[in-house]
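The values are calculated or read from the model by the stated rules, or taken from the named source; none is laboratory data. Because the structure is predicted, anything quoted here is derived from the model rather than measured. Cβ placement follows ideal geometry from the backbone for every residue including glycine, while neighbour counts extend to all protein chains displayed. Keep in mind that these areas ignore ligands, DNA and RNA; they rest on the heavy atoms of the full protein, side chains included. Shrake-Rupley method; radii C 1.70, N 1.55, O 1.52, S 1.80 Å.
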Amino acid sequence: MTDQNDILFERARAVIPGGVNSPVRAFKAVGGTPRFIQRAQGAYFWDANDKRYIDYIGSWGPMILGHGHPAVIEAVQKAVLEGFSYGAPTEREIELAEAILALVPSMEMVRLVSSGTEAAMSALRLARGATGRKTIVKFEGCYHGHADALLVKAGSGLATFGNPTSAGVPPEVVQHTLVLEYNNLQQLEEAFALHGSDIACLMIEAIAGNMNFVRATPAFAKRCRELCTQHGALLIFDEVMTGFRVGLHGAQGVLGITPDLTVLGKVIGGGMPLAAFGGPRAIMEQLAPLGPVYQAGTLSGNPVATACGLATLKEISKPGFYEALAQKTRTLVDGLKAAAAAEGQPFNADSEGGMFGFFLMNELPQNYATVMTTDNAQFNALFHGLLDRGVYIAPALYEAGFVSAAHSEDDIAATIAAARDIFRKR
Ligand SMILES: *Cc1c(COP(=O)(O)O)cnc(C)c1O
């Protein structure tokens with residue numbers, strides 16, 4: 001039997017670097033051939049061999065309603081007939097802006113862009129422009145897209161400036177980026193004590209989803225807010241992943257903390273290229289065309305993308321949506337924990353709303369370094385075991401997982417059973 005995924009991967013590698021348009025899709029961390037997806041519906045997608053998978057990546061977060069939700073499809077089809085893109089403003093952009101602001105009270109104004117990378121990069125420029133300062137603080141294991149200044153790993157000492165994590169990023173470009181350990185209060189205090197008056201902003205995933213799933217402790221998140229206020233720095237919550245995913249009001253709603261700027265993406269586009277950043281009027285009015293901070297985009301606020309985002313927001317705003325989603329996700333997480341316990345597999349897991357993470361260790365990690373102590377071979381065996389059994393989780397141990405409204409009790413039960421089978425045969 002010929003494997004169509006192998007055939008497509010070979011063709012793809014001839015014309016696309018690594019055969020993929022975003023690195024994690026290449027299965028490099030776990031080995032094997034990436035599955036080329038031909039279609040999706042509800043909680044499932046089908047690969048090039050027509051094999052069905054229960055989908056726990058949901059396009060890395062956006063597909064919170066599952067694939068092919070009828071109300072979303074209807075809105076997108078209607079929008080397509082009215083035109084793809086105009087390069088002139090539309091009423092739908094106002095509607096989406098109003099819908100976002102109504103749900104995220106820390107934001108008084110919002111600008112729409114096309115990707116999370118673009119939104120984070122623009123929020124960073126705005127923070128520097130608004131404060132007139134250069135230094136930015138980020139945390140190891142948090143991902144804010146691939147803008148130069150944010151592709152940084154921690155330096156050698158405490159509260160020292162970091163080193164680029166990508167070729168093509170000159171050290172001078174990251175010389176103003178301080179990288180600290182997540183949940184490390186002492187480093188945080190030290191950074192502000194040393195550099196407070198130079199810090200333009202602190203950017204954080206307050207529930208981190210790019211080092212698997214790690215929560216900022218309430219004390220840590222609170223201290224980030226206090227120190228920013230005290231030193232005149234802006235607190236930026238990167239909620240590209242957590243926004244409308246961990247709850248209707250994002251990680252800021254879960255933690256009860258008001259950031260200065262919020263970065264959104266993924267769910268707000270419902271699977272279309274759409275992202276946003278926003279905050280108080282006085283800061284947002286620093287942006288062009290009103291202010292001196294330049295930012296622009298040919299496809300920003302695209303009429304088809306905004307239709308998709310609006311229809312998605314409408315569905316997730318319905319009463320009880322997040323209660324049901326969170327319950328389903330907890331059922332999965334609790335079931336996996338019980339399966340691991342029954343088979344003597346070290347394991348722990350956590351979830352919030354429709355986002356979850358699990359670890360092949362008994363403790364829930366507090367930072368990136370601990371996450372990365374996970375046994376790679378064990379994770380890869382679990383990943384491929386699940387894949388063989390028709391369950392698709394993220395192909396890297398440092399990624400979070402996503403449950404959609406379309407996942408059924410049966411899907412969850414089948415996933416738990418598959419995991420238990422793998423734990424047993426380990
Ligand atoms: C996905 C993600 C981004 C980048 O968004 P893209 O749309 O992939 O550019 C930024 N920040 C966080 C927290 C993300 O999860």
Requested in this report: Look at L151 and say whether it is open to solvent by 60 Å² or more (accessible area, probe 1.4 Å) and either within 15 Å of the ligand (Cβ to nearest atom) or modelled with pLDDT under 95 (or both).
Outcome: no
Query raised in the report: How about the range 1-52: which of its residues are acidic (D, E) and either surrounded by 15 or more Cβ atoms within 10 Å (Cβ to Cβ) or in contact with a Ser or Thr (Cβ under 6 Å, 6 or more places away or on another chain) (or both)?
Result: D6, D47
Query raised in the report: In this structure, is L178 assigned to a helix (DSSP H, G or I) and touching a residue at least 24 places away in the same chain (Cβ under 8 Å)?
Result: no
Report summary line: Exactly one of A339, A377 is outside any loop (DSSP other than H, G, I, E, B), open to solvent by less than 10 Å² (accessible area, probe 1.4 Å) and in the same structural domain as P62 (by TED's automatic domain parsing), and that one is A339
Requested in this report: Within the range 296-315, track down each residue that is in contact with a Lys or Arg (Cβ under 7 Å, 6 or more places away or on another chain), closer than 19 Å to E118 by Cα and surrounded by fewer than 24 Cβ atoms within 10 Å (Cβ to Cβ).
Outcome: P303
Report task. Please give the number of the condition F84 fails out of (1) surrounded by 14 or more Cβ atoms within 10 Å (Cβ to Cβ); (2) assigned to a loop (DSSP other than H, G, I, E, B); (3) among the aromatic types (F, W, Y). Result -> (1)
Query raised in the report: Filter the range 199-226 for residues that are open to solvent by less than 10 Å² (accessible area, probe 1.4 Å) and over 21 Å from the mean Cα position of the chain (by Cα); which is farthest from the ligand (Cβ to nearest atom)?
Result: I199
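Residues checked against (1) modelled with pLDDT of 95 or more; (2) buried (at least 24 other Cβ atoms within 10 Å of the Cβ):
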| site | (1), (2) |
| --- | --- |
| N163 | no, no |
| L185 | yes, no |
| L188 | yes, no |
| A191 | yes, no |
| S197 | yes, no |
| C228 | yes, no |
| H231 | yes, no |
| L234 | yes, yes |
Report summary line: Of the residues in the range 279-295, those that are open to solvent by 30 Å² or more (accessible area, probe 1.4 Å) and under 23 Å from T90 (Cβ atoms) come to R281, E285, P289, L290, Y294
Report task. Among what's in the range 53-68 and is away from the ligand (no atom under 13 Å from the Cβ) and on the phi > 0 side of the Ramachandran plot, pick the residue that is most open to solvent (accessible area, probe 1.4 Å). Result -> G68
Query raised in the report: Does A276 fit the bill of being away from the ligand (no atom under 16 Å from the Cβ), in contact (Cβ under 8 Å) with a residue 60 or more places away in the chain, of a type outside the set (S, T, Y) and surrounded by 24 or more Cβ atoms within 10 Å (Cβ to Cβ)?
Result: no
Report task. Determine which member of the set A307, A282 is away from the ligand (no atom under 16 Å from the Cβ), without any contact (Cβ under 8 Å) to a residue 60 or more places away in the chain and aliphatic (A, V, I, L, M). Result -> A282
Query - Residue check for D334: acidic (D, E) and in a helix (DSSP H, G or I) - result: yes
Report task. Give S351, S404 a once-over and let me know the one that is closer than 28 Å to T217 by Cα, open to solvent by less than 10 Å² (accessible area, probe 1.4 Å) and not in a helix (DSSP H, G or I). Result -> S404
Query raised in the report: When you scan the range 114-136, how many residues do you find that are more than 15 Å from P289 (Cα to Cα) and either under 19 Å from the mean Cα position of the chain (by Cα) or away from the ligand (no atom under 16 Å from the Cβ) (or both)?
Result: 16
Report task. Please tell me if L264 is more than 16 Å from the ligand (Cβ to nearest atom), farther than 30 Å from L382 by Cα and surrounded by 17 or more Cβ atoms within 10 Å (Cβ to Cβ). Result -> no
Query raised in the report: Among the residues of the range 250-292, which ones are part of a helix (DSSP H, G or I) and touching a Cys at 6+ places or on another chain (Cβ under 7 Å)?
Result: G269
Query raised in the report: Can you name the condition, by its number, that V76 falls short on among (1) open to solvent by 30 Å² or more (accessible area, probe 1.4 Å); (2) away from the ligand (no atom under 16 Å from the Cβ); (3) assigned to a helix (DSSP H, G or I)?
Result: (1)
